[in-house]
Ligand SMILES: [Zn+2]
């Protein structure tokens, strides 16, 4: 594996997320692992999670009088510190909320954004950060959240446009071709088993495994992040306002948590030479 243990920043990982807290859930392990191995880790958020509610009835605000955006800013800063993230960018859009919420109509709602404008903002970041590996959500936005779906669309467009010498270039930008593009993935069989176990206990799962899951044959990469699991969970718990007591993360047994959170899975959509078998490293085959 072409990684060193010093942060020489010859390799860069860029992850595009829709909202604060998404980084810890699906990519907390790879952020910790690659950071520990000397890779520069960069996060880009499309929104600041302005449409989120306080989902945790036990939540105590760090300071009185803070609004949800201010609360989520503090929570994110704490999580990024735990995850040892090198830098963070915001595209400047507003959280659209789930499909059908009034926030969908806000003039700055990300899901309503001009796709070309949003893509251009991300191209600028890609050309400046120059990542070898880019990660975002799949076409379903993992769970059909309009902001996650939009994040997928603009990341796909920006991944292609950033290498195009004819794409409008801002001051001093040079075209850049990232080597690989991945979508985060939840193995379909595993999420079906989790769903069935919750139903067997007589509880309401609150999620559709057929939406969340990616079939095994599409999963190219499984990264073992068990070594980082406690720090990943620590980062997730930094987002206290979002910790719904009924969420799947709170209801997992230790064994299920290790299986579900201790491995992060990805679908390679560009740049993976493997046809048969799987890889265990997003940077496999990439020379610094
Ligand atoms: Zn999200």
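The values are calculated or read from the model by the stated rules, or taken from the named source; none is laboratory data. All figures in this text were calculated on a predicted structure; none of them were measured in a lab. Here Cβ is always computed from backbone atoms with ideal geometry, including for glycine, and neighbour counts include all displayed protein chains.
Observations on the structure shown:
- Restricting attention to segment 45-91, the residues that are outside any loop (DSSP other than H, G, I, E, B) and closer than 21 Å to residue 149 by Cα total 4.
- Selection count, segment 120-141, where residues are surrounded by 24 or more Cβ atoms within 10 Å (Cβ to Cβ) and in a helix (DSSP H, G or I): 3
- In this structure, residue 154 does not satisfy being touching a residue at least 60 places away in the same chain (Cβ under 8 Å), buried (at least 19 other Cβ atoms within 10 Å of the Cβ) and farther than 22 Å from residue 47 by Cα.
- Among residues of segment 22-37 being within 16 Å of the ligand (Cβ to nearest atom) and surrounded by fewer than 24 Cβ atoms within 10 Å (Cβ to Cβ), the one that is nearest to the chain's Cα centre (by Cα) is 26.
- Condition met for residue 149 (over 20 Å from residue 91 (Cβ atoms), surrounded by 13 or more Cβ atoms within 10 Å (Cβ to Cβ), within 16 Å of the ligand (Cβ to nearest atom) and modelled with pLDDT of 95 or more): no
- Residue match in segment 102-112 (condition: surrounded by fewer than 19 Cβ atoms within 10 Å (Cβ to Cβ) and under 20 Å from residue 167 (Cβ atoms)): no
Conditions (1) within 12 Å of the ligand (Cβ to nearest atom); (2) without any contact (Cβ under 8 Å) to a residue 60 or more places away in the chain; (3) within 24 Å of residue 237 (Cβ to Cβ), marked per residue:
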residue: 87; (1), (2), (3): no, yes, yes
residue: 107; (1), (2), (3): no, yes, no
residue: 121; (1), (2), (3): no, yes, no
residue: 128; (1), (2), (3): no, yes, no
residue: 137; (1), (2), (3): yes, no, yes
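- Subset tally (residues that are within 16 Å of the chain's Cα centre (by Cα) and touching a residue at least 60 places away in the same chain (Cβ under 8 Å)) for segment 211-228: 5
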